[in-house]
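Everything below concerns the one structure shown next.
The values are calculated or read from the model by the stated rules, or taken from the named source; none is laboratory data. Everything quoted here is computed from the prediction, not taken from an experiment. Positions of Cβ are backbone-derived with ideal geometry, glycine not excepted, and every protein chain shown enters the neighbour counts. Each accessible area value is taken on the protein alone, full model and side chains, heavy atoms only, with ligands, DNA and RNA left out. Shrake-Rupley method; radii C 1.70, N 1.55, O 1.52, S 1.80 Å.
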Amino acid sequence: MSAVLSTRGLAKRFGSLVVAQDLSLALPRGVRYALIGPNGAGKTTLINLMTGMLRPDAGSIFLGEDEITSLAPESRVKRGLARTFQINTLFPSLSALESVTLAVLEREGHAGTWWKSLPAYRDAAGEAHEILSSLGIAKDAYRLTRELAYGRQRLLEIALALATRPKVLLLDEPAAGVPKDESADLFEAISSLASELTVLFIEHDMNVVFRFASRIIVMVGGRILVEGSPGEIARDPEVRAVYLGKAAHG
Amino acid sequence: MHSAVTGPHAHLQAQVRWRRIEIAFWLCTLAPFVAAPAYLQLASQIAITALFALSLDLILGYAGIVSLGHAAFFGLGAYAAGLLSKHAWGEPLSGLLIASAVSAAVGYAMSFIIARFRHLALIMITLGLGLLLHEAANSASWLTGGADGLQGMKIRPLFETFRFDLYGRTAYTYSVVVLFLTFLAARRIIHSPFGLALRGIRENATRMPAIGAPSHAHLRKIYALSAAMAGVAGALLAQTTSTVSLEVLSFQRSADVLVILILGGAGRLYGGIVGAIIYMVARDQFSGISPQFWYFWIGLLLVVVVMFLPNGILGGLAKITARWQRKAP
């Protein structure tokens with residue numbers, strides 16, 4: 001099976017600190033990946049490298065067959081690589097609907113149009129509303145983002161990414177700061193996303209990881225330690241020693 | 001926004017509809033003809049300053065581009081219109097359009113630098129570009145007349161019919177109509193998909209690339225549009241007063257328009273207009289009392305407004321009406 005998103009030998013260092021080293025991955029279509037590892041393992045760095053928010057010192061990134069290593073972040077989004085942020089990165093004074101409508105309009109190439117009235121774009125607004133509905137936050141569509149409950153804002157993070165119609169969705173700790181009972185709902189919403197969509201999520205809660213991931217990538221110290229099915233990861237002695245063992249203390 | 005909204009379309013529609021107070025405001029711009037016919041020249045100056053402040057609001061209030069050199073485009077428009085009329089192109093409307101195009105072109109060229117910076121760096125760069133242009137105009141006295149100002153402008157009557165008279169009848173009518181038309185354009189820009197994208201940049205510049213937005217291209221576009229608008233204001237001043245002095249490019253003018261916008265309230269379309277009315281009337285009154293010290297009062301006004309109404313006069317009013325509406329029903 002050909003990969004939708006792949007990396008070859010990605011490396012990044014800040015001064016003498018190596019944050020990513022020889023990262024090679026191939027994510028096939030429709031697979032739900034969990035990216036786990038202790039703090040400082042380089043998980044967010046990997047997402048930043050993939051999405052172009054950081055430039056790698058070495059290595060290359062491919063979306064399908066196309067190399068995207070030197071593309072700007074917005075061009076990668078246009079080609080189907082979307083992400084969310086660990087800390088809410090939203091538009092506080094826009095309503096939820098306006099925010100998602102903006103993302104739809106950017107995707108359709110209408111966001112540079114200054115001579116037409118926004119309400120004329122009924123389809124974009126309608127689609128935005130549908131996306132919010134599909135995540136169960138349609139009730140809050142007309143409220144300002146900053147007035148939304150925190151858990152709703154986490155869902156809006158995902159809604160914004162979905163509005164770009166991604167092939168690959170990278171979720172940086174989607175449930176960060178969300179209480180445990182709500183985080184299950186959030187992952188239910190994620191697991192009900194379109195089955196052809198490739199999803200990679202960073203998550204610390206092992207119950208969630210083993211319940212929702214079909215594959216797991218373990219990172220330690222800027223390297224990929226191992227990649228495999230949940231069963232393989234659970235049995236892997238190295239993972240138990242290096243990661244799961246330590247996590248039990250932390 | 002708290003009223004019952006029935007769908008996504010209605011939600012967006014509710015924000016662009018004309019409010020009664022807006023219509024009332026624009027009807028009030030006719031009042032000077034009746035209420036203060038002796039002050040039409042001042043009213044014309046206010047309309048021009050309001051237009052200039054509106055152009056700054058587009059970049060500062062909506063896209064978050066702080067500028068301390070916006071007079072560059074005002075001055076370019078003024079000199080372009082002045083030079084055209086001096087060299088036998090005295091027809092005002094086409095002069096206005098050409099002047100605006102000149103400002104837009106220079107604005108677009110500069111926008112490639114502007115779009116790459118934010119905050120303090122932006123203040124320094126806009127300030128520097130403004131100073132550059134001011135000194136360039138000063139030293140090119142063969143073209144601009146330098147410190148003596150541009151001499152020998154000949155503006156033709158508007159539509160070959162209405163002369164720019166001493167009382168400012170034509171001047172005010174011309175200025176206020178151009179202000180209104182430009183305002184309509186600005187209002188449309190703000191309520192367009194592009195306007196939403198600008199608010200996106202202002203609200204969170206980090207998120208924009210992550211939803212596929214070419215932020216730099218957006219910023220370049222609004223900077224050029226704003227420059228075009230500032231150019232129209234400058235051209236209006238040149239045409240209605242038949243003079244252009246170096247002052248149109250001065251740092252003072254850039255600073256004044258920033259003060260006016262902050263006073264009125266940035267990011268609200270009407271902030272620049274309200275600010276211009278208060279500022280210009282205050283200057284007219286205070287300078288009558290003590291011509292040397294009128295900036296003292298402006299300084300005091302600015303400190304008081306920023307301390308008690310951090311979002312300007314309109315921001316303060318919006319807060320009060322919101323509180324009042326919540327109590328009323």
Checking the condition out of contact with any Gly (no Cβ under 6 Å at 6 or more places or on another chain), open to solvent by less than 20 Å² (accessible area, probe 1.4 Å) and either at the interface with another protein chain (Cβ under 10 Å from one of its Cβ atoms) or among the charged types (D, E, K, R) (or both), which residue from A:159, A:141 passes? A:141
Cβ-Cβ distance below 6 Å, separation of 6 or more or different chains: which pairs start in region A:201-226 with a residue that is in contact (Cβ under 8 Å) with a residue 60 or more places away in the chain and end on one that is basic (Lys, Arg)? A:202/A:43; A:213/A:32; A:214/A:32; A:219/A:43
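Could you tell me whether region B:278-286 includes any residue that is within 24 Å of residue B:128 (Cα to Cα) and touching a residue at least 40 places away in the same chain (Cβ under 8 Å)? Let's see the steps before the verdict.
Step one: filter region B:278-286 for residues within 24 Å of residue B:128 (Cα to Cα), giving none.
Scanning region B:278-286, I find no residue that is within 24 Å of residue B:128 (Cα to Cα) and touching a residue at least 40 places away in the same chain (Cβ under 8 Å), so the answer is no.
With more than 8 Å from every other protein chain (Cβ to nearest Cβ) and surrounded by 24 or more Cβ atoms within 10 Å (Cβ to Cβ) as the only criterion, which of B:223, B:270 stands out?
Result: B:223 is the single residue among B:223, B:270 that is more than 8 Å from every other protein chain (Cβ to nearest Cβ) and surrounded by 24 or more Cβ atoms within 10 Å (Cβ to Cβ).
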Scan A:58, A:72 and give me the residue that is of a type outside the set (Lys, Arg) and away from chain B (no Cβ under 14 Å). A:58
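From B:202, B:118, grab the single residue that is surrounded by fewer than 20 Cβ atoms within 10 Å (Cβ to Cβ), among the basic types (Lys, Arg), within 14 Å of chain A (Cβ to nearest Cβ) and at negative phi. Break it down stepwise before answering.
On the way: B:118 fails: within 14 Å of chain A (Cβ to nearest Cβ).
Going through B:202, B:118 in turn, the sole match is B:202.
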Condition set closer than 24 Å to residue B:57 by Cα and not aliphatic (A, V, I, L, M), scope region B:229-248, selection surrounded by the fewest Cβ atoms within 10 Å (Cβ to Cβ): answer is B:247
Out of (1) touching a Ser or Thr at 6+ places or on another chain (Cβ under 8 Å); (2) of a type in the set (Gly, Ala, Ser); (3) more than 30 Å from residue B:114 (Cβ to Cβ), the one residue B:67 does not meet is (3)
Pair list, Cβ under 7 Å, 6 or more apart: region A:33-58 residue β-branched (Val, Ile, Thr), other residue part of a loop (DSSP other than H, G, I, E, B) and open to solvent by 10 Å² or more (accessible area, probe 1.4 Å): A:36/A:203; A:44/A:86; A:45/A:54
Contact list please: Cβ distance under 6 Å, first residue in region B:182-193 and facing chain A (nearest Cβ under 9 Å), second residue in a helix (DSSP H, G or I) and surrounded by fewer than 21 Cβ atoms within 10 Å (Cβ to Cβ), pairs at least six apart or on different chains. B:191/B:16
Within region A:167-186, can you find the residues that are farther than 19 Å from residue A:44 by Cα and under 16 Å from the mean Cα position of the chain (by Cα)? A:167, A:183, A:186
